[in-house]
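> Below is a structure I'd like to ask you about.
Each value in this text was obtained by applying a stated rule to the coordinates, not by laboratory testing. Since the model is a prediction, treat every value here as computed from it, not as a measurement. Here Cβ is always computed from backbone atoms with ideal geometry, including for glycine, and neighbour counts include all displayed protein chains.
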Amino acid sequence: MADKELVSLEVSPKLVQGVLEERIQAAIVAQLGDGETLLKELISRALHQKVDEDGKYNSSDYRNRYEFLEIITANSIRKAAKESLQEWLKQNSDKVRATVLKELKKPSRQKSLAKAYADAIEESLKCRWSMNCNIDFVRKDDDCD
C-alpha cells in the first residue's frame, strides 16, 4: 500500500482542455470541408434570403416575398435616380418654372382651376348638421274653452 502512495499521476486540467479544444476544432473544420466553398454558400444564401419590402427578415413568412439582393439593388437604383432627378431639377428650375407658368396660363387650365376653387368653396360652405324641432299644441280640457 505504501508503494501506491509514492506514485501519483496528475494531469493538468489546462492541458486536457487545450487538447480537447484542438480536437474539437479539427473535427469541425473536417466536417465543414473547404472553407472557400463554405464561404461561397453562406454568401449565396445571405444574398438570396427572402425578406420583406424593407429588406428585413420578417417572422411572418408571407411578408418575405423578395430576395435580399433584389431589394438592395432596387433601393440603390431608386436612390441614384432620386438624387439625379433632384440635381437635374435644381439645375433646370428656371425651365421647370417657366413650363409650369405656361401650363397655368392656358385657358383650359384656368377654367379647371377656377372650377376646382369654386367647388372647394361650395363644399366648405355646406352645413353638415341639421336640427329638427317639433312643436305640438295639445289642448287640455280643463284650461281652455
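> As I understand it, the value is the acute angle between the Cα axis of helix 13-32 and the longest principal axis of the Cα atoms of the chain; what does it come to in degrees, rounded to 10?
60
> Still on this structure, please answer the following. Normalising by the residue count of segment 21-110, find the relative contact order in percent from Cα pairs under 8 Å and 6+ residues apart.
Computed value for segment 21-110: 15 percent relative contact order.
> Taking amide H atoms as placed 1.01 Å from N in the peptide plane, list the residues 5 or more away in sequence, or in a different chain, whose amide H sits under 5 Å from that of Glu67.
Val51
> Name the residue, out of Val51, Val19, Val100, whose mean-square fluctuation peaks in a Gaussian network model built on the chain with Cα pairs under 10 Å.
Val19
> Now a separate question. Among the chymotrypsin sites (Phe, Trp or Tyr not before Pro) in segment 64-145, which ones are in a DSSP loop with at most 14 other Cβ atoms within 10 Å of the Cβ? Mind listing them?
Filter output for segment 64-145: Trp129, Phe137.
> Give me a comma-separated list of calculated 3J(HN,Hα) values for segment 47-54, in order, Karplus coefficients 6.51, -1.76, 1.60 applied at θ = phi - 60°, integers in Hz, x for any Gly or Pro.
The phi angles translate into 6, 9, 4, 6, 9, 7, 5, 8 Hz.
> Would you mind pulling out the separation of the Cα centroids of segment 77-123 and segment 16-49, in Å?
59
> While we're on this one: Fully extended, how many nm does the chain gain between Ala74 and Arg97 (0.36 nm per residue separation, minus their Cα-Cα distance)?
The span from Ala74 to Arg97 would gain 5.2 nm if fully extended.
> Would you calculate, for the chain, the mean residue ellipticity at 222 nm contributed by helices, counting each DSSP H stretch of 4 or more residues as -39,500 (n - 2.57) and dividing by all residues, to the nearest 500?
So the calculated ellipticity at 222 nm is -21000 deg cm²/dmol.
> Give the lysines reachable from Lys50 as a straight Cα distance under 30 Å; neighbours fewer than 8 places away on the same chain don't count.
Result set, ordered by chain and number: Lys40, Lys79, Lys82.
> With label points built 7 Å along Cα→Cβ from the Cα atoms of Val16 and Ser130, find their separation and express it in nm.
Distance between label points: 9.3 nm.
> Of Asp52, Asp61, Asp119, which has the largest mean-square fluctuation in a 10 Å C-alpha GNM of the chain?
Result for the chain, Cα springs under 10 Å: Asp119 fluctuates most.
> Gain in length, Gln25 to Ile121, computed as 0.36 nm per residue apart minus the alpha-carbon separation, to one decimal in nm?
Using 0.36 nm per residue and subtracting the Cα-Cα distance, I get 26.7 nm.
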